[in-house]
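Participant: Below: one structure in structure tokens.
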Amino acid sequence: EVYLHNLEKNLEALEMKVEALKAMINELLKRLSKEEDRMLPKVKNWISIAQAIESKASGLLDKSISERYKLSKYDDLYKISESTHHYSEDVRLTLEAVETHKSMGVFKVLVDSSHQLYVCET
């Protein structure tokens, strides 16, 4: 039940963290696009998962106006619809997924003296 009270805060946090996640994705893709064949499988996998999380988060954010409206109509939080409970839980879980996945995506893109690109975790 507590997550319903935090929905507004979680939506704002999700929006900000998804923007940061998108920036990380774009930065990695930009740096590695010329070296696609040599991109490490771990980095490719991280980007793929990050894009899936970002897509889910974007869908939740797209629904946020209607869900906030639905939530505002209830005086008693115990009468909130099951779909709104599920939405709030999805927001909370997706926010956690964004935070967790971002922390696993700290890579350093390096170029050695022969101009070979490689990526290592930092």
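Participant: State all residues of the range 53-76 that are assigned to a helix (DSSP H, G or I) and more than 16 Å from ARG92 (Cα to Cα); if no residue qualifies, say none. Can you show your working first?
Facilitator: Initial filter on the range 53-76 (assigned to a helix (DSSP H, G or I)): 53-62, 64-72.
Across the range 53-76, the qualifying residues are ILE65, SER66, TYR69, LYS70, SER72.
Participant: Which of the residues belonging to the range 71-104 are surrounded by 16 or more Cβ atoms within 10 Å (Cβ to Cβ), of a type in the set (Val, Ile, Thr) and more than 11 Å from LEU7 (Cα to Cα)?
Facilitator: ILE80, THR94, VAL98
Participant: Related question: Of the residues LYS30, LYS22, which is touching a helix residue (DSSP H, G or I) at 6+ places or on another chain (Cβ under 9 Å), within 28 Å of SER103 (Cα to Cα), part of a helix (DSSP H, G or I) and charged (D, E, K, R)?
Facilitator: Checking each option against the conditions leaves just LYS22.
Participant: With respect to ASP75, determine if the residue is among the acidic types (Asp, Glu) and either over 18 Å from ALA13 (Cα atoms) or more than 15 Å from the chain's Cα centre (by Cα) (or both).
Facilitator: The answer is yes for ASP75.
Participant: Exactly one condition in (1) basic (Lys, Arg); (2) part of a helix (DSSP H, G or I); (3) modelled with pLDDT under 90 is false for ARG92; which is it?
Facilitator: Tallying (1) basic (Lys, Arg); (2) part of a helix (DSSP H, G or I); (3) modelled with pLDDT under 90, ARG92 fails exactly one: (3).
Participant: Sticking with this structure for a sec: Kindly list, by first and then second residue, each pair from a residue in the range 55-70 that is surrounded by fewer than 16 Cβ atoms within 10 Å (Cβ to Cβ) to a residue that is polar (S, T, N, Q) and modelled with pLDDT under 90, limited to pairs with Cβ atoms under 9 Å and residues at least 6 apart or on different chains.
Facilitator: So the pair list comes out as LYS70/SER81; LYS70/SER83; LYS70/THR84.
The values are calculated or read from the model by the stated rules, or taken from the named source; none is laboratory data. Small disclaimer: the values here were computed from a predicted structure and weren't measured. Counting neighbours? That spans all protein chains shown, and the Cβs are built from the backbone with ideal geometry, glycine included.
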